[in-house]
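Trainee: Below is a structure I'd like to ask you about.
Derivation of every value follows stated rules applied to the coordinates shown; laboratory data play no part. All values derive from a computational prediction rather than experimental measurement. Here Cβ is always computed from backbone atoms with ideal geometry, including for glycine, and neighbour counts include all displayed protein chains.
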Amino acid sequence: MPDGRGQTERQQAFAMQADCAISLRILATTDMHMKVLPYNYYTDQPCDSGGLARTASLIARRRAEVANSLLLDNGDFLQGTPMGDFAATAMTGKPRSLHPAIAAMNAMGYDAAALGNHDFNFGLSFLRQVTARAGFPFLAANLHVLRGPGFRSHVILRRHVTDGQGRQVPLAIGIIGFVPPQTAEWDRDLSGQMRCADILETARNLVPEIRAEGAQIVIALAHSGIGGLSPHARMENAATALAAVPGIDAVIAGHTHEVFPGRDIPAAPGIDPVAGTLAGKPAVMPGFGGSHLGIIDLDLRPDIADDWQVANFRVRTEAVAAGLPNDADVARPVMGAHRETLRRLRRRVGRSMTPLSSYFALIGDDPGLRLVNMAQRWHVRQRLKNTQWASMPVLSASAPFRSGGRGGPQHYTDVPAGALSLRNLADLYFFPNRICAIRLTGAQLAGWLERSASLFGHVQPGDTDQKLIDPAFPCYNFDVVDGVTWQIDLSQPARFSPDGTLIGPEARRVHELRWQGRPVQPHDNFVLATNSYRLASCGLFSPLVSGNEVALKGDELTRDVLRHYVRRRRRIAIEAAPHWSFKPMPGTSVLFVTGPGGMSHLDQVAARHGARIEYAGEDCRGFARLRLFL
């Protein structure tokens, strides 16, 4: 036990050091999704938003303002643009190859990064190959690889930083990373290779160990959204509850592509979008694709235990302005991959007699989505020939991936009639999912569509200008099933929440469900073509997948099948008749938004659906607001 004199000396020393503060700036990116250059590969044009090379210019400016800084990334860097897809193909069998994203990140001098769920999309061995060439550690504390090398849980960066008096002071910074606990389940190829533990349980166990190893502050890189403060097992969006874990000083969130602090995340218990805090700790989520840079400034002061405490902080997200130049040192090492990507994407594969746009996907008009479903049905029928499933009706389900939302008013598919190139097909389907098929009963099919129909708000008959879409419901869960027709009754409340929780047990929105003109009976049997993400048995559709017979386990990538189908058909004509419609509600109107590019398609869409749709102005984000009369 220290004597009283020693304690007094420590207190005096602390008082003398109290003005020796350290200012540390944390710069954070997240969910870059292979947007290394500000280029839209789907339109084959430079774009005004984001890109890692442009973000690097902003990072350089903000680094230059301070004496001490860290640069961290929060995962999902590897997948998301055709450059990432082609890099994965080009690097196969070439273990010494340097991935373009790693080349760019090495040039920027990242200090550490977390892994995200989409970083595993090309397989565990490929991820190992890619990260082995990084000049910084990749972290995933709650990930356990069953065979072979895994990834570090945390790192302690031992740095000499400059204090307020201009002196060099040692500082040990602990960085810990987390992936969503569902990561292994979202891709069945991974479920036999790795396990993911609960984020909060892992943090409670490891953070004290990191402190015991000498970390004086701890920063959590959580590839996880901002959810509730109250913890529960296997939280996907656990950033708020994670911030409440003792010993964590700051949190970088991600995964949901939102901006925090900002208007995307409203105030709630433990969430302060003005101060930029989660559970009272500084926290940031900087959008996606290089849309924003997260900045946390920490003022650290020494305490009696020769440790450092966060005495003050400032948090902000800064939009990456369109006028920023590309950082030449970042852009240069990726230009070869960029040019090769463009060369491949410009290859012609067929011709469409129909414009393929997703501007009106959420009101039942999406010819591109129908083309994906046509290709999936064709592939599954071919694979099921001479099997026990050969005589069973084949349906196909897919969702509109590019339909605005957080991606903004340009985030839509818009392919004119005429020649189809590989870039057009990449626009229609850009996730590396594999085609699967399961057996469904008629009752389960109706339940599948009920889950999709929960995207819509509850509409009161006779009221006008009601909100059509629930903004909390992601459009990638809005499955449209090809091969049947149905109506959606918006006067009924949603049956399910976005995470699949049953919230309206008596609600039934799906009516007039028919196959080949006859009503679908509960005991009917179908084969449903879907994808490996749906088959992962988690999320909105999981109760309808688990336990059902699998007719086809994912054997080919959906986008490869789409390419084969178009090349085989050569000329594509999409049937105009819609799969589904809203049940008429006289005297009732709803509002929804779409990209301004959709205005050139408005009259044709209204005519195909026999609907009255009118322009109602532009919203603050640049979306076109439309009024639909039900």
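Trainee: Give me the net charge of Pro273's neighbourhood, meaning all other residues with Cβ under 10 Å from the Cβ of Pro273; Lys, Arg count +1, Asp, Glu -1.
Mentor: My count for the surroundings of Pro273 gives -1.
Trainee: How high is the FRET efficiency between Gln45 and Ala275 when r is their beta carbon distance and R₀ equals 45 Å, given to the nearest 0.05?
Mentor: After rounding to 0.05, the efficiency reads 0.70.
Trainee: If you don't mind, there's one more thing I want to ask. Tilt of helix 199-212 relative to the longest C-alpha principal axis of the chain, in degrees (0 to 90, nearest 10)?
Mentor: Computed tilt is about 20 degrees.
Trainee: Could I ask something else about it? Which of the peptides 621-627, 582-588, 476-482 is most tightly packed, and how do the rest follow, judged by the mean count of other Cβ atoms within 10 Å per residue?
Mentor: Details: 621-627: 16.7, 582-588: 14.7, 476-482: 21.3.
Packing proxy ranking, top to bottom: 476-482, 621-627, 582-588.
Trainee: Take the alpha-carbon centre of segment 117-173, take the same for segment 529-596, and report the distance between them in whole Å.
Mentor: 37 Å
Trainee: State the extension gain, in nm to one decimal, for the chain segment bounded by Thr162 and Ala233, taking 0.36 nm per residue of separation less the distance between their alpha-carbons.
Mentor: Taking Thr162 through Ala233 to full extension adds about 21.4 nm, to one decimal.
Trainee: Something else about it: Report Rg (one decimal) and Dmax (nearest whole number) for segment 347-629, counting Cα atoms only, units Å.
Mentor: 18.2, 56
Trainee: A further question follows. In percent, what relative contact order does segment 20-340 have, based on Cα pairs under 8 Å that are 6 or more apart in sequence?
Mentor: Numbers: 801 pairs, mean separation 73.1, N = 321.
Worked out over segment 20-340, it gives 23 percent.
Trainee: Let me ask you something else. Among Tyr565, Tyr615, Tyr359, Tyr41, what is the fewest-to-most ranking by other Cβ atoms within 10 Å? Please list the in-between numbers first.
Mentor: Values: Tyr565 21, Tyr615 12, Tyr359 27, Tyr41 24.
Lowest count first: Tyr615, Tyr565, Tyr41, Tyr359.
Trainee: With a 10 Å radius around each residue's Cβ, average the other Cβ atoms per peptide and rank 325-336, 379-390, highest first.
Mentor: In decreasing order of mean packing, 325-336, 379-390 become 325-336, 379-390.
Trainee: Moving to a separate point now. Label segment 161-288 by shape, choosing from rounded, prolate and oblate, from the square roots a ≥ b ≥ c of the eigenvalues of the Cα gyration tensor; if a/c is under 1.5 it is rounded, and otherwise prolate applies when a/b is larger than b/c, oblate when it is not.
Mentor: oblate
Trainee: Rounded to the nearest 5, what % of DSSP beta bridges with both residues in the chain are antiparallel? Write down the numbers at each step before the final one.
Mentor: Details: 79 of 110 bridges.
Taking every DSSP beta bridge within the chain, about 70 percent pair in antiparallel fashion.
Trainee: Please enumerate, by chain and number, the lysines with C-alpha under 25 Å from the C-alpha of Lys94, excluding those fewer than 8 residues away in the same chain.
Mentor: List returned: Lys35.
Trainee: To one decimal place, what orientation-averaged projected area in nm² is obtained for the convex hull of the Cα set of segment 435-544?
Mentor: 7.3 nm²
Trainee: If I take every Cα pair under 8 Å that is 6 or more residues apart in the chain, average their sequence separation and divide by the length, what percent do I get for the relative contact order?
Mentor: Relative contact order for the chain comes out at 13 percent.
Trainee: Here is a further query. Where the convex hull is taken over the Cα atoms of segment 378-480, what is its projected area averaged over directions, in nm²?
Mentor: Mean projected area of the Cα convex hull: 10.0 nm².
Trainee: OK, next. In the chain, if the dipole is taken from +1 on Lys/Arg beta carbons and -1 on Asp/Glu beta carbons about the Cα centre, which of Phe456, Ser581, Thr256 is farthest to the positive end?
Mentor: Value computed over the given set: Ser581.
Trainee: For segment 20-340, take N as its residue count and report Rg(C-alpha) divided by 2.2 N^0.38 Å. Walk me through the numbers on the way to the answer.
Mentor: Working: Rg = 18.7 Å, N = 321, 2.2 N^0.38 = 19.7 Å.
It is 0.95.
Trainee: Mind ordering 68-81, 337-350 by average Cβ neighbours within 10 Å, highest first?
Mentor: Top to bottom by mean Cβ count within 10 Å: 68-81, 337-350.
Trainee: A follow-up question, please. Between Ser191 and Cys20, 0.36 nm times their residue separation minus their Cα-Cα distance comes to what?
Mentor: 56.6 nm
Trainee: Computed on alpha carbon atoms, what radius of gyration and Dmax characterise segment 17-61, expressed in Å?
Mentor: 16.6, 58
Trainee: In degrees, nearest 10, range 0 to 90: what is the angle between the Cα axis of helix 4-17 and the longest Cα principal axis of the chain?
Mentor: Result, in degrees: 60.
Trainee: Can you tally the net charge around Ala611? Count Lys and Arg as +1, Asp and Glu as -1, for every other residue whose Cβ sits under 12 Å from the Cβ of Ala611.
Mentor: 0
Trainee: Straight-line reach only, C-alpha to C-alpha below 27 angstrom: list the lysines that Lys583 could link to, leaving out same-chain residues fewer than 8 apart.
Mentor: Cross-link targets: Lys467.
Trainee: May I pose another question? Tell me, in nm to one decimal, what length is gained between Phe431 and Ser546 on full extension, where the rule is 0.36 nm per residue of separation less the Cα-Cα distance?
Mentor: Here the answer is 39.2 nm.
Trainee: Another question about this same structure. By how many degrees, between 0 and 90 and to the nearest 10, does the Cα long axis of helix 335-345 differ from the longest principal axis of the chain?
Mentor: 10 degrees
Trainee: Among residues other than Ile438 whose Cβ falls under 10 Å from its Cβ, what is the net charge (Lys/Arg +1, Asp/Glu -1)?
Mentor: +2
Trainee: With a/c under 1.5 counting as rounded, go ahead and sort segment 251-398 into rounded, prolate or oblate using the C-alpha gyration tensor (a ≥ b ≥ c being the square roots of the eigenvalues; past the cut-off, prolate if a/b is larger than b/c, else oblate). Intermediate results must be reported in sequence, preceding the final value.
Mentor: Working: a/c = 2.76, a/b = 1.96, b/c = 1.41.
Here segment 251-398 falls in the prolate category.
Trainee: Also: Suppose a student asked you for the relative contact order of segment 347-629, using Cα pairs under 8 Å spaced at least 6 residues apart; what percent would you report?
Mentor: 28 percent
Trainee: Then there is this: With a cut-off of at most 12 other beta carbons within 10 Å, and DSSP calling the residue loop, which GluC sites (Glu not before Pro) in segment 526-630 qualify? Please list them.
Mentor: The qualifying sites are Glu549, Glu575.
Trainee: Apply the a/c threshold of 1.5 to the C-alpha gyration tensor of segment 29-158 and tell me whether it is rounded, prolate or oblate.
Mentor: oblate
Trainee: Moving to a separate point now. Mind checking the log10 I(q)/I(0) for the chain at q = 0.05, 0.06, 0.09 Å⁻¹? Debye, one equal scatterer per Cα, no solvent, two decimals.
Mentor: -0.24, -0.34, -0.76
Trainee: Could you compute Rg(Cα) / (2.2 N^0.38 Å) for segment 500-630, with N its residue count? Write out the running numbers ahead of the final one.
Mentor: On the way: Rg = 19.4 Å, N = 131, 2.2 N^0.38 = 14.0 Å.
So segment 500-630 has a normalised radius of gyration of 1.39.
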